[in-house]
Amino acid sequence: MTLTTDGLEVAFAGQPALDGVSIRVEQSEILAILGPSGCGKSTLLRAIAGLQPVDAGRICWQGRDLAGVPPHRRGVGLMFQDHALFPHRDVAANVGFGLRMQGLDGPTRRSRAAEMLELVGLSGFEDRPIDTLSGGEAQRVALARALAPRPRVLLLDEPFGSLDRRLRDRLVEEIPPILRAADVAAVHVTHDHDEAFAVADRVGIMIAGRIDRTGPAREVWTDPQHASVARFLGHTNLVEVGPGGSVPWGTLPVEPGVHIVRADAFRPAEPDGDADLVAVVEHSAFAGGRSRVTLRTEPGDRRLSADLTGDLAADLSAGDRVALTIDPTKTARVAPD
């Protein structure tokens, strides 16, 4: 069971919102689309749901083109950050709303609502008024409602965006097992890096209407493949490597081209060992068990960011001179913009 899009294009007032977007999501898989606000993430979901006409491309389920299939017949569930629950209905009535639209009788709706509430960890909440729910409970009710009609595909549009960080982190842990237990293909869009990498089986990076990199989270992070993707993911050390591995401060044992040097690639050089880099500390800030250090290379006058741990990191301050090694396995070549 597979959802695919092939070359989707959507433009508003002549400006592309989707520019040749192709994705593939298998049953029981969660694909996170990660990108900045305004990059086209929500437009992609609306197109898959049939709520946004496309100018070109195809949306298929199991190879069947969904062009012309109305939204209510696509087998798609939607979940939004604002819950969109009906305040005048109790929890069971909210969860069973889609089943009511399908024409199912009251006992069947109530039974299915109870089943879904058990799945999301809210057994016994059937008669609760909506205004008595916490933010996390309301979001799980919204998830139960989206899953109740047994959709083939679940689309989640910034589902945790309105929640505080503590609650968001908890739901990020709780919801992926629920989706896998429901055996549904899910597309989860967000601008939050930690959320995307935590919930997804695979991550797609969307920038300016295009998905430039898709893969398992660790692979996308360590090998972004495109300079624009690397910058969006927070890799600030993009270095042009010349013949023989030449770089502004010396050499780096990698092939010529543009490379990221990850912030975790730097280590203090041994006192009697060779250093790959000598630099002056411009700034050092403690960040959860490590120090993010801004360096100015000697020679080369190039600014680099390094994540350092241990005693050296704790003792560094602006103006200090440090000798470091660089792990070449924590670099990756990327296509320039």
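Read-outs throughout are calculated quantities, based only on the coordinates presented, and are distinct from any laboratory measurement. Everything numeric in this text was worked out from a predicted model, so none of it was measured. Ideal geometry is used to build each Cβ from the backbone, glycine not excepted, and the neighbour counts take in all protein chains shown.
Brief remarks follow.
- Evaluating 6.51 cos²θ - 1.76 cosθ + 1.60 at θ = phi - 60° for every residue in the stretch 190-198, the Karplus couplings come out as 7, 9, 8, 4, 4, 4, 4, 5, 7 Hz, glycine and proline recorded as x.
- Fewest-first ordering of Val153, Val95, Val280 by other beta carbons within 10 Å of each residue's beta carbon gives Val280, Val153, Val95.
- Short to long, the 10 Å bins of the Cα pair-distance histogram for the chain hold 5, 22, 25, 20, 15, 9, 3, 0 percent of all pairs.
- Listed peptides 120-127, 204-211 appear in the order 204-211, 120-127 once ranked by packing, highest mean of other Cβ atoms within 10 Å at the front.
- For Leu277, distant residues with modelled amide H under 5 Å away: Leu324
- Amide N of the stretch 317-337 lying under 17 Å from the label point, which is placed 7 angstrom from the Cα of Glu240 along Cα→Cβ: 333-337
- Potential lengthening between Phe86 and Arg231 on full extension [0.36 nm per residue; Cα-Cα distance subtracted]: 48.1 nm
- Value of relative contact order over the stretch 1-112, rounded to a whole percent, pairs C-alpha under 8 Å and six or more apart: 24
- Kirkwood-type hydrodynamic radius, the stretch 238-333: 13.4 Å, calculated from all non-identical alpha-carbon pairs.
- 3J(HN,Hα) couplings calculated from phi for the stretch 255-264 with the Karplus curve 6.51 cos²θ - 1.76 cosθ + 1.60 (θ = phi - 60°) are, in sequence order, 6, x, x, 8, 10, 8, 10, 4, 4, 8 Hz; Gly and Pro show x.
- Histogram of C-alpha separations across the stretch 119-264, 5 Å bin width, %: 2, 8, 16, 16, 15, 12, 9, 6, 6, 4, 3, 2, 1, 0, 0
- Relative exposure of Asp90, Asp276, Asp327, judged by other C-beta atoms within 10 Å (fewest first): Asp327, Asp90, Asp276
- Under 12 Å, Cβ to Cβ, from Ala181 - net charge with Lys/Arg +1 and Asp/Glu -1: -3
- Cβ-based net charge around Val25, under 11 Å, with every Lys or Arg adding one and every Asp or Glu removing one: 0
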